[in-house]
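The structure under discussion appears below in the form of structure tokens.
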Amino acid sequence: MTNDEATTATESAGPTESVGSTESATANREILITRVIHAPRDRVFEAFTEVRHLSQWWGPHGFTTTTREFDFREGGVWDFVMHGPDGTKYPEWITWTAIARPERIAMLHGERRDDPEAFESVLSFEADGDATLVRMLTVFPTAALRDAAIERHGAIEGGRQTLAELAAYVEASARSEEVR
């Protein structure tokens with residue numbers, strides 16, 4: 001597997017890769033992005049648990065975040081604004097729906113609380129020696145919303161870039177600790 005892969009359904013076909021051994025019932029609403037990060041799983045998982053970490057890497061290349069509220073626990077909320085490189089502000093709201101340290105994080109992600117277009121994401125962290133395989137599975141309420149996220153918001157490339165930002169942050173911090 002390469003450092004960074006994404007699979008998604010095209011408009012007329014199923015996904016290029018199934019989830020598990022059989023195709024998922026939600027395949028036409030899914031985006032799956034994976035990345036190998038060269039750092040231990042605990043360190044990669046920790047990058048999601050504190051806002052001081054998230055503010056250093058969250059989002060595609062050139063984006064920054066301003067957090068209004070952050071409570072990393074099941075039922076907790078992360079309310080923030082993503083700032084695009086062009087100055088556009090994107091309100092974001094996440095509630096953590098399940099946390100299994102250090103294997104899995106599930107969340108509901110929208111623009112605001114009770115957003116009818118909010119989507120579910122599950123991040124899994126699989127230890128692979130000194131590296132970690134991160135899988136980010138996003139399931140949208142409808143195939144049309146998934147397609148719109150891909151076409152209008154570049155969801156696949158944005159997801160790839162977000163995991164690349166995570167990798168750069170975690171790998172750099174691991175290297176700086178090795179030097180100490």
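Residue by residue, what Karplus-based ³J(HN,Hα) values in Hz, rounded to whole numbers, does segment 33-49 have, using 6.51, -1.76 and 1.60 with θ = phi - 60° and x for Gly and Pro?
Rounded to whole hertz, the list is 10, 10, 7, 8, 10, 8, 7, x, 4, 4, 5, 5, 4, 4, 4, 8, 9.
Which ³J(HN,Hα) values, rounded to whole Hz and listed in residue order, are derived for segment 124-131 from phi using the Karplus coefficients 6.51, -1.76 and 1.60 in 6.51 cos²θ - 1.76 cosθ + 1.60 with θ = phi - 60°, glycine and proline given as x?
10, 10, 10, 5, 9, x, 8, 10
Averaged over all directions, how much area does the convex hull of the C-alpha atoms of the chain cover when projected, in nm²?
Mean projected area for the chain: 10.8 nm², to one decimal.
What number, rounded to the nearest 500 deg cm²/dmol, is the helix-based mean residue ellipticity at 222 nm of the chain, given -39500 (n - 2.57) per DSSP H run of at least four residues and division by all its residues?
After summing the helix terms and dividing by residue count, I get -8500 deg cm²/dmol.
Quick one: grab the alpha carbon gyration tensor of segment 64-167, order the square roots of its eigenvalues as a ≥ b ≥ c, and give me rounded if a/c is under 1.5, else prolate or oblate depending on whether a/b is larger than b/c.
In terms of gyration-tensor shape, rounded.
What residue among Thr138, Thr64, Thr88 shows peak mean-square fluctuation when the chain is described by a Gaussian network model with Cα springs under 10 Å?
Taking springs between Cα atoms under 10 Å, the residue moving most is Thr88.
Run through segment 44-123 and list the trypsin sites (Lys or Arg not before Pro) located in a DSSP loop whose Cβ has at most 14 other Cβ atoms within 10 Å.
Values: sites: Arg52, Arg68, Arg73, Lys89, Arg104, Arg112, Arg113; in loops: Arg73, Arg112, Arg113.
Taking segment 44-123 and a limit of 14 other Cβ atoms within 10 Å, the loop trypsin sites (Lys or Arg not before Pro) found are Arg73, Arg112, Arg113.
Have a look at Ala144, Ala164, Ala131 and tell me which one the Gaussian network model of the chain (Cα, springs below 10 Å) gives the largest fluctuation.
The residue with the greatest mean-square fluctuation here is Ala144.
No lab work stands behind these numbers, since they all come straight from the coordinates. Keep in mind it's a predicted model, so treat the numbers as computed, not measured. We place every Cβ from the backbone using ideal geometry, glycine too, and count neighbours over all the protein chains shown.
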